[in-house]
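Presented below is the structure to which this report refers.
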Amino acid sequence: MADQSKQERYLAITKQIVELVGGKENIQASTHCATRLRVVLKDYDGINTDDFDSVDMAKGAFFAGNQLQIIFGAGLVNEIYEVFADYTGTAGKSMAEVKEVAAQKMNPVQAVIKSLSDVFIEIMPGILAAALLSGLTGVLSQWDVVESNATLAGINRLVSLASSGIFSILPLAVTYSACKRYGGRPILGLVMGAIMLSNSLADAYAAAQGTVDVEVIYLFGIPIELVGFQGGIIIALMMGFVVAKLDKFFEKVIPDVVKLLFSPMCTVLISTFLLFLVIGPIGRALSNGLTYGLLWLTQNVGLLGYMIFAGVQQLIVITGLHHMFGAVEATLLADPAIGNDFLNPLMSVALMGQGGAVLGYMILHIKNAKTKELCIPSFISTLFGISEPAIFGVNLRWKFPLVAGCIGGAIAGAYVFLSGVTALGFGTTALPGLAICDPVSDGIFGTSGYVNYIIAHLIALGIGLVLTIVFGKVSERKSKAAA
């Protein structure tokens, strides 16, 4: 009787949801994740997420990725979905299939951004953990008591090892997640990621600095440098997509009797050729062109160059090529004519703009527990110099916070130029970055480098926060007006 009563309750919930979305005929597909029922509708006009507050056992609802997502919680959502899918005739759809249906209703730009978000949401727990641990070891490393005590130094060393894990294999994690997102077998994505980071290839950062000999091979008369793809996030995304499409293709065309042997072999082999012949060189050329173009701006266009660099530097983080700035920063410090690092404060305020945007987005959805669970650790990680959780977990996913954060970074970049803030080292930003900030600044806002450093970050954070709220409110009004 108890089971029957439970099923009746779930059926009542299902019928109420169906009524609120305009009937079964308006439902295209449904699935669920760990906590949410996800429904793709044919027509979203007139659908108000506030109406779902009255749904029994529901903890809120929102639109994301062209899907209506209703929060029920872990475990419960699985049981409700079974009843919902059976009642609406949408059973049997995988998460990837539902996302493809939802993507059909998006314009190309929206679809690309949504798919990127899906890829990084899959690996976000690892990035969050590493980001917070990285911040912790950054702080511990500044304390003399830690280095002078063997146990504390040992603890800090282990924290440092734990913090570097995901970032050292991020391209591998991305190829895995991307391959899974685009419908391929994830294990083949892992294989391709392992090839990109193979020890038999020259390290990408060492090759860029000219400190390692690079092996060259020839294919059809074309010279191919065997350099790894450390930091090659955009290339990893492209390869995950390629591997998935090749996997699905060979699974269709190769006869069943030999499919197990030849399908994965053909996928991996052709993907490897494409990696070194086409995708790798193109991805590197695009990323390097953008990176060094930004550097030229800061050195030749003055205040506007600083603003542009700080405004778009976090977009470089998405590509993974931001690690290459380390070589440039080292050169700046070693050059007797310069002797300081003017890029470090710019990268730091660019990061803090994204942190402010995360806070702004959380304020917009302050009643949503899931949003707070994601935004709070993402913001904390930016305080310690890690922006990936904020970018991939929130800002890129919703777009307008990313734009707001970039504007905040750009305006703070102007302050950095006018105040003359620089750094005496590189490798840390945000709060830990105070340790390497030049105590003396040469600008129009006083000579205290520390004070100007803090003010620049508050500007970035404040503008990112405020503009995110403004953009969010405007977007909400437009949605209600269109409905």
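The values are calculated or read from the model by the stated rules, or taken from the named source; none is laboratory data. In this text the structure is predicted, and so the values were computed from the model without any measurement. Counting neighbours? That spans all protein chains shown, and the Cβs are built from the backbone with ideal geometry, glycine included. Ligands, DNA and RNA are excluded from the accessible area calculation, which covers all protein heavy atoms including side chains. Shrake-Rupley method; radii C 1.70, N 1.55, O 1.52, S 1.80 Å.
Structure notes:
- Residues that are without any contact (Cβ under 8 Å) to a residue 40 or more places away in the chain and within 21 Å of ILE407 (Cα to Cα), drawn from the stretch 353-397: MET362, CYS375, PHE379, ALA390, VAL394
- Of everything listed in (1) at pLDDT 90 or above; (2) over 18 Å from LEU359 (Cα atoms); (3) open to solvent by less than 50 Å² (accessible area, probe 1.4 Å); (4) of a type outside the set (Gly, Ala, Ser), the single unmet condition for ASP438 is (1).
- Any hit, the stretch 273-285, residues being assigned to a helix (DSSP H, G or I), without any contact (Cβ under 8 Å) to a residue 24 or more places away in the chain and farther than 24 Å from GLY221 by Cβ: no
- Residue in the stretch 441-454 that is modelled with the lowest pLDDT, counting only those that are surrounded by 18 or more Cβ atoms within 10 Å (Cβ to Cβ) and in a helix (DSSP H, G or I): GLY449
- Residues located in the stretch 133-151, provided they are touching a helix residue (DSSP H, G or I) at 6+ places or on another chain (Cβ under 9 Å) and open to solvent by 70 Å² or more (accessible area, probe 1.4 Å): LEU136, GLN142, TRP143, VAL145, GLU147
- Under the condition of being more than 15 Å from PHE241 (Cβ to Cβ) and of a type in the set (Lys, Arg), the residues counted in the stretch 154-192 number 1.
- For the stretch 174-188, filtering for residues that are at pLDDT below 95 and crowded, with 23+ Cβ neighbours inside 10 Å leaves 9.
- Qualifying residue in the stretch 232-247 (condition: assigned to a loop (DSSP other than H, G, I, E, B), closer than 20 Å to PRO186 by Cα, modelled with pLDDT under 85 and within 25 Å of the chain's Cα centre (by Cα)): yes
- Cβ separations smaller than 6 Å between residues 6+ apart or across chains give the following pairs from the stretch 168-194 residues that are touching a residue at least 60 places away in the same chain (Cβ under 8 Å) to residues that are open to solvent by less than 10 Å² (accessible area, probe 1.4 Å) and among the polar types (S, T, N, Q): LEU188/THR267; MET192/THR175; MET192/SER271.
- Once the stretch 215-230 is narrowed to residues that are within 31 Å of the chain's Cα centre (by Cα) and over 13 Å from GLY193 (Cβ atoms), the residue that is surrounded by the most Cβ atoms within 10 Å (Cβ to Cβ) is VAL227.
- The stretch 12-38 - residue that is of a type in the set (D, E, K, R) and modelled with pLDDT of 85 or more and, of those, nearest to THR371 (Cα to Cα): ARG38
- Among the residues of this structure, ILE270 does not count as one that is surrounded by 15 or more Cβ atoms within 10 Å (Cβ to Cβ), β-branched (Val, Ile, Thr) and at pLDDT below 95.
- Restricted to the stretch 65-86, and to residues there that are part of a strand (DSSP E or B) and without any contact (Cβ under 8 Å) to a residue 40 or more places away in the chain, the residue that is farthest from ILE13 (Cα to Cα) is GLN67.
- Taking the listed residues GLY405, GLY385, the one that is on the phi > 0 side of the Ramachandran plot and either surrounded by fewer than 20 Cβ atoms within 10 Å (Cβ to Cβ) or of a type outside the set (Asp, Glu) (or both) is GLY385, with no other qualifying.
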